[in-house]
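Each remark here refers to the structure printed beneath this line.
No lab work stands behind these numbers, since they all come straight from the coordinates. Quick caveat: nothing in here was measured; it's all calculated off a predicted structure. Here the Cβ is made from the backbone with ideal geometry for all residues, glycine too, and neighbour counts use every protein chain on show.
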Amino acid sequence: MSALGRVVRSGVGRRRVQTIVIGLVVMIAVSASVLGGTLLVASNAPFDRAFAQQNGAHLTAQFDSTRTTAEQLTVSGHASGVSAAAGPFRTVSISPVDDKDRPVPPLTVVGRTRPDAAAVDAVKLIEGRWATGSGELVVLNDGRFPPDERAVGTVWRLPDLPGSPTLTIVGVARSISATADGWVVPEQIAGLTTPGTAGGYQMLYRFATADTAGQVDTGRAAVRAALPADALTASRSWLTTREEGAGDTALLVPFLLAFGVLGLVMSVLIIGNVIAGAVSTGTRRIGILKALGFTPNQVVRAYLGQALIPALAGAAFGVVVGNAISLPVLALTNDIYGTSDSGVVLWVDAGVVAGTLTLAAVTAWVAASRAGRLRTVDALAVGRTPTAGRGQWAARLTARIPLPRPVTLGLAHPFARPVRSAAIVAAIAFGAAAVTFSFGLAASLTEVQATANHGDVVVGPGTPKPGTPGGRPVKGDRVPAGPTSTPRSAKETAAIVKAITAQAGTSGYCGVADAEATMAGLSGALPILATTGDGCSSGYRMVSGTWYEKPGEIVVATPFLTATQTRIGDTVVLTDHGTQIAVRIVGEAFNDDHDGMQLLTAAATLAAAEPDLEPEDFYIAVKDGTDPEAYAEALEPEIQQFDAHTSTENVGTPEVVLVINALTALLSLMLVAVAALGVLNTVVLQTRERVHEIGIHKALGMAPRQTIAMVIASVAVAGLAGGAIGTPAGVFLQRMIVTEMGRGAGYHLPASVLDVFGPVELVLFGLGGIVIAVLGALLPAGWAARTRTASALRTE
Amino acid sequence: MTVPMIELRDVTRRYGDGPPALRDVSLTITAGEAVAVLGPSGSGKSTLLNLVAGLDRPTGGTVTVDGVRVDELGEAGSARYRREKIGMVFQFFNLLDDLTVADNVMLPAQLTGMARGAAHRRATELLGALGVDRHAAAYPGRLSGGERQRVAVARALVNRPALLLADEPTGALDTASGEDVKELLRQLHADGQTIIMVTHDLSLATSCATRTVQLVDGRVAVDTAMETAR
Ligand SMILES: Nc1ncnc2c1ncn2[C@@H]1O[C@H](COP(=O)(O)OP(=O)(O)O)[C@@H](O)[C@H]1O
Ligand SMILES: [Mg+2]
C-alpha cells in the first residue's frame, strides 16, 4: 500500500501539466456549477422569498382623510385576521418637473420614518440614505432611472405648489410590495399637499392567511368593516403585485441548465482525455510497475489516485471561486428580485463537489482501466518503438499540400491519435458552441428590448407616460397615475402633424390613440392602438403575416391569438361604443404592450364607432444619421404651444438582461478556458510522445518558429473541425433556448430576434475554434521549440 | 588549403556537478579533411560532435565553423546554421518512421523553403547515387540497417552541407552493412566532402579518415594525421 502511495505521489509530481490541467478543469467545472446552482436556487420563487424577507404587505390600502381618522385606522390594525399592520401614513400625489422643467411621471409619496425594521413592508434602502428632513425624497427603484443615470442628487421642483418647493432625492429604496413611488419624512406631507385638498392615509396590513384572492378579500372586508363607510378609496392585494413580478425569473432557468450540461460534458471529455493521455504516455512505466509485481488493480488505483488528488484540490478551490463569483451576481439578482440572498448555499456546494468528484472518478476509472488491462510485455515494448503506422496515410497526403513543410508535418499529427483528436475536436466544439450561443443570446435579448421602441422620438401630451424617459419594467406597463390630459382637437392634431412632417430629419411618423372594444368570448375590454400616419409598421417586428393596409385589418400578438383561439386570416367582431366592427387578422407582430392583448389597427377601422378619436402620442422614426436627442430638442419649441412634448424613447436595458449577458459571457469564458486547457494537455502529451521526433527535426535544422508552426498546425485541424461543428450547434442552441424562453412567456418571436447571426459573424465564430486551439497550443508549442535537442536524441 | 574550417578553442562542457565531459579541447580542422574521433564510451565524443553541430553549447571556450561562432548562436540561428552547413548521420539512423524514404530525404531541403518538386528531384538524384532509389516510396521500417543508413546519409547531404558529421555511423550495423557504409564515406571524402566521424571502430578510422583524434576522459590524448590507403 505504501509502495502504491509512493507511485501515486511520484506520478502526481512527474506529470505536472496533467495534474494542473485536471485541477483547473475540475476547478472551473465546480465553480461554474456552484454559480449556476446558487443562481438556480436564488431564482426559485424569488418574489415569495423577498416578500417574506421584507414582511411584505398583503394589503396596501388607501383611505380618504376626510372620512376617517388616524386613531380609527390604528384600531383597524387589530381587525380580525390582521396579524400585523403599519401606519397610518399620510400620502399625497405629486407632479414634479426636472431641472429642464420637463414633467416627470407623477408619484404617490408616503410620509414614513426610516422603516427597515418595520413589522410590515420593511422597505430596504439600496442607495443613498433615508430622508431625515424637509425637502428630501427617497424614490422606489421602479426603473424610473436607467442604470446609467444616478438618482441620488437629482433635484425636482413642484411648480403646482405655492412657492414652487424643491425635493432632492437622497436615496433609492426597494419595497417588494411597491407601496409607494417615493417617501418623505411625515412632517413634509403637509407642505406637498395642494392647499384646499385633503390628501390621504395609507395603511399596510399582513393577514394570518393570505394565500388566495378569497382570503385577501376576507381580510379586506374585515378592515373595511372596522372603519366608516367609504373610507377605503383604493387597495391592492399582494397577489396582484406577485403576478406582475413573475415571468422574468423563469428566464434564467433554461440558459443556466444549458450551461450546466455543456460544462459537465466538457469536464468528462477533458478529464477522460487527460487520464487516457497519462496512461498512453505512461505505458512504459505501467510495464515496469507490473514487471515489479503490481496487480492490474493496483495500477488502476495508482492512476485513479493521480487524477483524484488534483481533482480534489480543484474542487476545493472551485467551491471558493464559485461562491466568490456568486456574490456580485447575487447582488444583482437581489436588486432585481428584491431578495437578500447571501450567496453560500451549503447543499449546492456539497452536491456539486460530490457530483463532480464522482464524475471525475468514474471517467478516470474508465480511462485508467486500460492501463490495468495492458499486457506487461507490450507495455515494456511500447516505449522503445514509437507507434508508427497509424496516420502514415495522412502524412503522405498532407505532404502534398503546398504549404510550408513544418505546417504540413503538423497537419498529419492528429491522425496518428484519432480517438484523442476526436475528444479534442469535441471539447473545442463545445467551447465554440458556448461562445456562439452566448453572443446569440445577448443579441436576441437586445433585439427583444429593441422591439419595445416604437419610434426614435415620441411626441406626447404634457405629462410623459411613466417609464419614459428611462427604463421601464420588463413586463407589463405601469398604469399611468397622473391626471388625464384633455383630449386633443382635430386642429391641434393637424398642427402637430404639420410640425413633425416639416421637421428636418423626419423619416415617418405614427400617431397613436388608445381605444377599447369588447369581443364575444373574452371577458373585459380589449385594448386597441388606433394609428394614423405613414410610419407605423416600422415600429413593430412581424412574426408572420403582413402589416394592415386598409381599414378593417388588424395586427395582433401571440397572446391574443392564444386567448381567442384564432389565427391569421380569421375575422373577428369587435364591439366599440355599441357599434359592431368586423376585422380581419392579417398579421402577428411581437408586441408585449398590455400583456400582448393589444390590437393594432388604423384609426379608420374605428371611424364608425369613434369618429372623434385623436392621436395622443406620435412615434417618430428619424432618418439615418439624425441624432434623436437633437431632433427632439429642435421639435420641442414647434409643438409646445399644443401642450405636447418630445422625449426620446430610450428604453434602458433591464437588469435581468444585464445579468444574463454578464453570466453568459462569464460561463462561456469558462468553457473556452476548459477547452483551451484540453488542447494544452493534448499538445503536452503529443510533445512528450514526439520528443525524439522533434529532436530529429531540430537536428535537421528546424527553427523554433518552424517547430511552433508545426505544433500549432497539429491542433489547427481540430480547431477548424471543432469550430465547424460547434458554431452551428451554438446557433441551434441559441434558437432553441430563445424560442423556449419566448414560449415560456407566451410569445412567438420575430425573425429579428432569432436571426441575429450574419454570414460574417458565422464565419468569425467558426474560426473561433482555431483561436481556442491556438490559445491552448501556444504555451506547449513554445516548450517544444525549446526542447534540448541533444538530450532528446539521447533517448534511444 | 590551410584555411581552418573548424576551430575549437579551449572548449569545456560540463553537465551538472560531475567531471566535465570535455575539458580544454582545442582542435583545428581544415576543409577537405576526414577526421575520425576515437575513444572509449563516455569519453565525450558525442558531446564534441553536438557542440560542432550547434545542438549543444560549451560551458567554456569557443567553437567557430566556417567563420560562424557556433557557441554564440541562438536557437533560431543554430537551426539555420545546421540547415545550411551541417549534415548529420546517427548510429540509430533517426529516420522519421511515418514519412516515406523520399519524404525523409526531402525534409531538410523543405525546411529551407525549397519547393516540394525541386526537393523531390534532389532527393531522387541522391537516392539514385546512393543506390537506394527503389525504396523511395517505402517507409524506413521496411529497410535493412545498411539501407537505412544510406537513406540517412542521403538526407544529411540533401542541402550540400560543408560539413558532414557522423556519430557511430556503423555502430548499429552488421559487418557487411558496415563495410557498405564505410565505402560510401570514403567515396564522399574522395569527392571532397569534409567529414567528422565519431567511432570506436578502428577499421572505419583507418579506412576512411585522414586524421585521428583520440579522446580520453574529455581530453585530446592523441591527434595524428594518417595517410589513408587509396
Ligand atoms: N545530456 C546529458 N546530461 C548529463 N550528462 C551527459 C549528457 N550527455 C552526456 N553526458 C555525460 O557526458 C559524458 C560524455 O558523454 P558522451 O559525449 O555521450 O560520450 P561518448 O559519446 O563518448 O560515449 C558521459 O559521462 C555522459 O554521461
Ligand atoms: Mg556517443
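The phi-based Karplus calculation (6.51 cos²θ - 1.76 cosθ + 1.60; θ = phi - 60°) puts the 3J(HN,Hα) values of region A:200-210 at x, 10, 10, 10, 10, 10, 10, 10, 4, 10, 8 Hz, whole numbers, x for Gly and Pro. Projected label points at A:A222 and A:A662, each 7 Å from Cα along the beta carbon direction, are separated by 4.2 nanometres.
Comparing B:L184, B:L157, B:L204 in a Gaussian network model of chain B, where Cα atoms under 10 Å apart are tied by springs, the biggest mean-square fluctuation is seen for B:L184. Taking chain B as a Gaussian network, Cα atoms linked when under 10 Å apart, which of B:G218, B:G131, B:G113 shows the biggest mean-square fluctuation? Largest GNM mean-square fluctuation: B:G113. Mean per-residue shielding of peptide A:532-544 is 0, counting Cβ atoms of other chains within 10 Å of each Cβ. Convex hull volume per residue, computed on the Cα atoms of chain B, equals 126 Å³.
Put a plus charge on the Cβ of each Lys and Arg, a minus charge on the Cβ of each Asp and Glu, and nothing anywhere else: the dipole of the protein assembly as shown about its Cα centre is then about 6080 debye. If you wrap the tightest convex hull around every Cα atom of region B:138-182 and split its volume per residue, you get 75 Å³. Exposure proxy ranking for A:S33, A:S538, based on other Cβ atoms within 10 angstrom of each Cβ and starting from the fewest, stands as A:S538, A:S33. Taking a straight line from the alpha carbon of A:K698, these lysines sit under 23 Å away, with near neighbours fewer than eight places off in the same chain left out: B:K45, B:K85. As a calculated quantity, the FRET efficiency between A:W347 and A:T209 at R0 = 25 Å, using C-beta atoms, amounts to about 0.25.
In nanometres, what is the gap between the two model label sites at A:L312 and A:E71, each 7 Å from Cα along Cα-to-Cβ? That separation, rounded to one decimal, is 7.4 nm.
Residues A:M266, B:M5 in ascending order of nearby Cβ atoms (within 10 Å, fewest first): B:M5, A:M266.
With one equal scatterer per alpha carbon and no solvent term, the Debye-computed log10 I(q)/I(0) for region A:75-181 at 0.12, 0.14, 0.18 1/Å reads -0.45, -0.59, -0.92. Here the residues A:H413, A:H692, ranked from fewest to most Cβ neighbours within 10 Å of their Cβ, fall in the order A:H692, A:H413. Taking region B:141-230, which GluC sites (Glu not before Pro) meet the DSSP loop condition and have no more than 14 other C-beta atoms within 10 Å? Sparse-neighbourhood loop GluC sites (Glu not before Pro): B:E227.
Taking the dipole about the Cα centre of region A:68-229, with the C-beta of Lys and Arg at +1 and of Asp and Glu at -1, give me whichever of A:P162, A:V75, A:G87 is farthest to the positive side. With unit charges placed on the Cβ atoms, the residue in question is A:V75.
Could you give the distance between the Cα centres of region A:417-437 and region A:724-749, to the whole Å? After rounding, the separation between the Cα centres reads 21 Å. For the Cα atoms of chain B, what angle does the longest principal axis make with the long axis of helix B:116-129, in degrees from 0 to 90, nearest 10? Compared with the principal axis, the helix lies near 80 degrees. Under a model in which nothing but the beta-carbon of Lys, Arg (+1) and Asp, Glu (-1) is charged, chain B shows a dipole of about 460 debye around its Cα centre.
Averaged over peptide B:116-122, the number of partner chain Cβ atoms lying within 10 Å of each residue's Cβ comes to 1.
Apply the Kirkwood formula to the protein assembly as shown: the hydrodynamic radius equals the inverse of the mean of 1/r over all pairs of different alpha-carbon atoms; give it in Å with one decimal.
Taking every pair of different Cα atoms in the protein assembly as shown, averaging 1/r and inverting gives 35.4 Å.
Where is the GNM fluctuation largest for chain B (alpha-carbon springs, 10 angstrom cutoff): B:L27, B:L48, B:L165? Answer for the Gaussian network model of chain B: B:L27. The mean count of C-beta atoms from other chains within 10 Å of the C-beta of residues in A:689-700, rounded to a whole number, is 5.
For the pair region A:86-113 and region B:154-202, the centres of their Cα atoms are 100 angstrom apart. With the charge dipole of region B:4-225 set up from +1 on Lys and Arg Cβ and -1 on Asp and Glu Cβ about the Cα centre, the Cα lying farthest toward the positive end among the listed residues B:L49, B:I195, B:G117 is that of B:G117. With 0.36 nm allotted per residue and the present C-alpha distance subtracted, the A:A525-A:A450 stretch has 24.3 nm of extension available.
For the protein assembly as shown, the list of Cys residues with no other Cys C-beta under 4.7 Å reads B:C208. If R0 is taken as 35 Å, the Cβ-Cβ distance between B:T12 and A:W783 corresponds to a FRET efficiency of 0.80.
Placing R0 at 25 angstrom, the Cβ-Cβ distance between A:V152 and A:K100 gives a FRET efficiency of 0.85 after rounding to 0.05. A simple spin-label model places the labels of A:L40 and A:A634 5.5 nm from each other, with each point 7 Å out along Cα-to-Cβ.
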